[in-house]
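What follows is one structure encoded as structure tokens, with my remarks underneath.
The values are calculated or read from the model by the stated rules, or taken from the named source; none is laboratory data. Since the model is a prediction, treat every value here as computed from it, not as a measurement. Glycine gets a Cβ as well: all are built from the backbone with ideal geometry, and neighbour counts include every protein chain shown. Remember, those area values only see protein heavy atoms, side chains included, never the ligands or the DNA or RNA. Shrake-Rupley method; radii C 1.70, N 1.55, O 1.52, S 1.80 Å.
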Amino acid sequence: MKAQIAWLRELVDLEGISVEQMISRMTMSGTNIEGVESVCDENRGVIIAQIKSVRAHPDAKKLLVCDIDTGTKVVQVVTGAPNVKEGARVLLALPGARLFGGVDIQATELRGVHSEGMLCSFEELGYSKSVIAKEYSDGIVILPEDAPLGEEFAQAYGLCEGVMEAEITFNRPDCLSMYGLAREFSATFEREADLLPRKDFSTLPPGEVKVEIDESICPAYIALEFEGVEAVSSPFSWQLRLMEMGVRPINLLVDATNLTMLYSGSPTHAFDQDTLGPEGIRVRAARNGEVTETLDGVKRKLCDGDILITNGERIIAIGGIMGGEDTQITEKTKRVLVEFATFDKKQIRLTSKRLGLRTEASARFEKGVESQRIQLAVSIFLELMKGRYSSVKLSGILFEKEREAVFMRYSRVALLLGITLKPDEIMRLFERIEFSYEEIERNGERGLLVRAPFYRSDIEIEADLLEEIARLYGFDNIPSSLPALNKPANQYSATLKEWKLRELLWALGIDETVGYSFVSPGHIQRLGLDDQEPLMLRNPLGEEFSQMRPSLLVTALECLVNNQKRGAQSQAIYEIGNVFYRENGEMMQEKKLSISILDAGDFYVLKGMIEMILDDFGVEARYEPGTSSFFHPHRSADIIVEGNILGNIGVLHPKTAAVWELEGEVVLAEINLERLFSYDIPETVFTAPSRFPTSARDIALLVDEKVTHEQIVDVIEAEGVPLLQKVELFDTFSHPSWEGKKSMAYHMVFGSDERTLNTEEVEEIYDRIYTRLKNQLHAQRR
Amino acid sequence: MKEQLNAIRIKFSQEIDEVQELQELENLRIEFLGKNGALTEILRGMGKLPKEDRPIMGALANEVRDELEAKIERRKEEIKESLLEEKIKSEWIDITLPGKKASIGHPHPSTLTIREIIDVFHSMGFVLEDGPEIETVLNNFDALNSPPDHPSRDMSDTFYFDEKHLLRTHTSPVQVRTMMKQKPPIRMISIGRCFRNDALDATHSPMFTQCEGLVIDEGITMGDLKGTLEQFVRLLFGADTESVFRPHNFPFTEPSAEVDITCFKCKGAGCRFCSGSGAIEILGCGMVHPAVLEHCGIDSEKYTGFAFGMGIERVAMLRYEIDDIRYLFENDQRFTRQFRR
């Protein structure tokens, strides 16, 4: 909400209070002032002057030469403005002045004629084109005849302090008006506000127009009928104020409705009464398919429930949002009907959102407008129009709704806010915001029965009143304390495990990535994932963010591709994040880890990383041939722990790699972290190392190339118990001439906790192991 | 005989000075002290001496032998020493050649920030809680007292799956879940991904990370809220960080506040990170709305509490001077590899 400071000063006695004080104290009392802008930020030295004479430029058709009275002397100025005329008061930037955009004014020659300064337009002062009235849009500013000659323009019109931008929170729609803001200033600085009282307008003659409303969508509607009005330009001071407030001046009637809305917070609309017809005003809900043209010239399609203002036959406005094209005020307008109303706020919001039509009016109506506020708006409008019409009549319906009183216990002040206030201190605070109260006792507790003024629709429960006390007392005055720690925190083991895991991943040289939880369905297809029940967002930001990822590998591949395109040589990346899927119709999510390497090693390098991680978590896994379609069928594995799949690992299928345009060796793994973290890491219980020496033997075997390491180790271990302590593969080798054979070399360590083994004993086990390898796996010693 | 011994002595002294290698030294030892060495020869001739001379000459000969042996030992040490010195000299290496290293992984800056925040809150007795990213409208809005017409519920703000399910817009539903399953005292934080229907630009992302906290107990006041968060920002941003609590409005807290802290880049002097104001808006907070407590089955007469929340990316971006949020989700190796654990 914009608030012109000069206007605020008219409404509240802020004598002696600087703009800086306003910003800091208003912000601390709950109205965050986001900034202050002033035409004077960019301008200086623009004075009010009067044109004495105008003559043609001797050497240029489009230029004029003026003699201009600055109040102290007469200077000659050359201008191209078409609207200069003798006797007009204008804005003159003398040499030494500065205009918007850092333009410095100097005396100069224009086509051989000396020019002592420049006549200014509003745009040159820094006003946005969108707020400049049509009459000033292509020419210089012509001021009223009483503009003080020789004075600085911005000072003479009180523009220098500028306009505040106040952030109005959701609970304070009353501050979307100068009326509300002035009351906040008054409460904050404890200064008197001088606001227009709500008039009793029962004395006004009744209108001729019949107003018919549907109370469920339009609980109150007042129509003022003016005769003998003219849609001329409004007074310069109104125009200037509207421009400062960010509203374009149109004509006297429209400007009066806008000023009324800015002051009261109640939007009003002016119709040319002669275009309405004899039936009067009827407010009704729209039916699907109805169409109307709004005053911005756009045809709007309507839906069931939209609130319509009709004249009994046709639509004349979309209630609370925008007036119609053919009933708007024109130069020909003589009789005017001004609407003051309140509409169902929910419907206004729905309609304005659907039509994409958010206006100053709809923004206020969707927060709700009280009957009293309508009454206030009528008073303001009548005041503005005073002396500008020949007659006025009033018709319509108003409902006054008393705000319910709220009980606040004194004891809750200390309990919730941690401050001790005496009852009379609390009362003083409520007086500042014009809340009325009555001290009572209820259920054995003393406190205040508080009634908020009509405009404070946010005051509904005790906590709302406590909030008022806190902000007026000042958050910064509440002493800080630390709550007693009644229960020590114990870190969740899953959290600890996640950090242990991250440390390990970094130590393994793997970089962390963070991918979006939603991805393009195309990416999921390109990975070859068959997602039977895709989890789609109903309103995604775009196709590329529309499906919840069923696997972290989708984003991992994207990351590998992008980095390869950027010139990365080798990559090792991980991500910890959720994957999403449906199970029996339920939407599920699961935390997973992905590790992906590109040109940073082969299957065994990544498998080694996985093994290190599982070892560190005390988990033993088996690897079975992989089942995922996007992996190389002979270079992938499912990781099995206690009979369940913990994850999988594999070389990216060459076909998938080609689809993703990935070059190089890509190995991927995905681990279910919820499952991994569910296994307890075994507690360490110390066992004393054996005091007896061990014996080591190596064995190199020639086996068929399809015989697996796991098969060999299973045999060695089966035969080696109980004296075999360790078996380790230390070499593998094959030669083209061996034709389907390979060599596997193992290091075996034998020992006992009770004695030293003798050579014969060790030889005997060794032979037994070899015999069994020979029999079972047709292995031969090399 | 005496002369012979002297001659041996002199000859030995001359020869040993010339010896440079261990093998030569051994040869010298054999020449003089070996089985057929010069000195051995003399000792063998002792029997021919008159009886009375033998002890004297014997003593003299032994003296010479000891002397020769000592000299050989000494020379041996000298040669060894000089050999080692030469070897060491020959072992010069270029210590400026790069070391042989295994690479170390790089963390995401948001993760670094999360870890710091968890550490600080853990030191203050907060437990970390977790919750799902796909939430119910009930937990994300209704239970948090969000009015039915609140703009945050709009499709233009929130991602929906259907009428009842959405991507959480804040981590507050984890507070709801915690209150539903646990009786006070409660002292928790939750950190996680949140989603809002914002187009991606330099300062907005449809996905971001939030940290929220909740304290509920008997007698928790707004003073406790201030004290706790003041402590938090001092521990996270430095002991001289000041906090200013400004009134604000959130549906789930009352009173509500926003917290500005001293800009930790310029210490309040004003810089480009704080737009010259010297202060940075960092937290939203407030006393838990009684309707929220009651919804979660907590007696709002007996218990009071406070809640707070902040954006992780915002803190990370300020701390590491990252001027575009998109960097945080692009996973460019050249970006990630700038961060250290």
Failed condition for A:L149, given (1) in the same structural domain as A:N32 (by TED's automatic domain parsing); (2) of a type in the set (A, V, I, L, M); (3) under 30 Å from A:A97 (Cβ atoms), with all others met?
(1)
Checking the structure you have, find out if any residue of segment A:430-446 is touching a residue at least 60 places away in the same chain (Cβ under 8 Å) and within 9 Å of chain B (Cβ to nearest Cβ).
no
Identity of the residue in segment A:516-540, surrounded by fewer than 19 Cβ atoms within 10 Å (Cβ to Cβ) and among the polar types (S, T, N, Q), that ends up nearest to B:I325 (Cα to Cα)
A:N539
Those strands (runs of 3 or more DSSP E) lying entirely in segment A:40-157 with at least 1 residues under 22 Å from A:P235 (Cβ atoms):
A:44-57, A:89-99
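Yes/no per residue for (1) open to solvent by less than 40 Å² (accessible area, probe 1.4 Å); (2) within 35 Å of the chain's Cα centre (by Cα); (3) modelled with pLDDT of 90 or more:
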residue: A:V211; (1), (2), (3): yes, no, no
residue: A:A223; (1), (2), (3): yes, no, yes
residue: A:S237; (1), (2), (3): no, no, yes
residue: A:D274; (1), (2), (3): no, no, no
Given the conditions (1) assigned by TED's automatic domain parsing to the domain that holds A:E575; (2) under 28 Å from A:I222 (Cβ atoms), which single one is not true for A:E498?
(2)
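So which of A:S379, A:S362 is open to solvent by less than 30 Å² (accessible area, probe 1.4 Å), closer than 20 Å to A:G207 by Cα and assigned to a helix (DSSP H, G or I)? Break it down into steps so the answer makes sense when it comes.
Details: A:S362 fails: closer than 20 Å to A:G207 by Cα.
On inspection, the qualifying residue turns out to be A:S379.
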Being at the interface with chain A (Cβ under 7 Å from one of its Cβ atoms), touching a residue at least 24 places away in the same chain (Cβ under 8 Å), buried (at least 21 other Cβ atoms within 10 Å of the Cβ) and closer than 29 Å to B:Y320 by Cα is the filter here; which residues of segment B:210-244 pass it?
B:T228
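From the list A:I329, A:I281, A:I318, A:I250, exactly one residue is open to solvent by less than 10 Å² (accessible area, probe 1.4 Å), under 28 Å from A:Y179 (Cα atoms) and not hydroxyl-bearing (S, T, Y). Which is it? It would help to see each step written out before you state the result.
Working: A:I329 fails: open to solvent by less than 10 Å² (accessible area, probe 1.4 Å); A:I281 fails: under 28 Å from A:Y179 (Cα atoms); A:I250 fails: open to solvent by less than 10 Å² (accessible area, probe 1.4 Å).
Criteria check complete, one pass: A:I318.
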When segment B:105-139 is checked residue by residue, the ones that are more than 7 Å from chain A (Cβ to nearest Cβ), among the small types (G, A, S) and open to solvent by less than 20 Å² (accessible area, probe 1.4 Å) are B:G131
Among the candidates B:T203, B:T158, B:T111, single out the residue that is in contact (Cβ under 8 Å) with a residue 24 or more places away in the chain, more than 29 Å from B:L293 (Cβ to Cβ) and of a type outside the set (D, E, K, R).
B:T203
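Which of the residues spanning segment B:198-216 are of a type in the set (D, E, K, R) and either touching a His at 6+ places or on another chain (Cβ under 8 Å) or modelled with pLDDT of 95 or more (or both)? Spell out how you get there, then give the answer.
Residues of segment B:198-216 that are of a type in the set (D, E, K, R), as a first pass: B:198, B:201, B:212.
B:D198, B:E212, listed by residue number.
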Taking segment A:433-452 and keeping only residues that are surrounded by 17 or more Cβ atoms within 10 Å (Cβ to Cβ) and either of a type in the set (A, V, I, L, M) or touching a Leu at 6+ places or on another chain (Cβ under 9 Å) (or both), one is left with A:I433, A:F435, A:Y437, A:L448, A:V450, A:A452
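Wholly within segment B:253-341, which helices (runs of 4 or more DSSP H) include no fewer than the required count, namely at least 2 residues that are away from chain A (no Cβ under 14 Å), within 32 Å of the chain's Cα centre (by Cα) and not hydrophobic (A, V, I, L, M, F, W, C)? Working first, answer last.
Working: elements: B:290-295, B:312-320, B:327-330, B:333-336.
Because the criterion is at least 2 residues that are away from chain A (no Cβ under 14 Å), within 32 Å of the chain's Cα centre (by Cα) and not hydrophobic (A, V, I, L, M, F, W, C), the helices (runs of 4 or more DSSP H) in segment B:253-341 that meet it are B:312-320.
Confirm whether A:D476 is open to solvent by 50 Å² or more (accessible area, probe 1.4 Å) and at the interface with chain B (Cβ under 8 Å from one of its Cβ atoms). Full working, then the answer.
Values: open to solvent by 50 Å² or more (accessible area, probe 1.4 Å): yes; at the interface with chain B (Cβ under 8 Å from one of its Cβ atoms): yes.
Criteria met by A:D476.
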Among the residues listed as A:L702, A:L662, A:L673, A:L652, the single one being in the same structural domain as A:E763 (by TED's automatic domain parsing) and surrounded by 13 or more Cβ atoms within 10 Å (Cβ to Cβ)
A:L702
Odd one out for A:V579, checked against (1) part of a strand (DSSP E or B); (2) within 14 Å of another protein chain (Cβ to nearest Cβ); (3) in contact with a Phe, Trp or Tyr (Cβ under 8 Å, 6 or more places away or on another chain); (4) touching a residue at least 12 places away in the same chain (Cβ under 8 Å)
(3)
If I ask for residues that are closer than 18 Å to A:R335 by Cα and within 38 Å of the chain's Cα centre (by Cα), which ones from segment A:372-394 would you list?
A:V378, A:F381
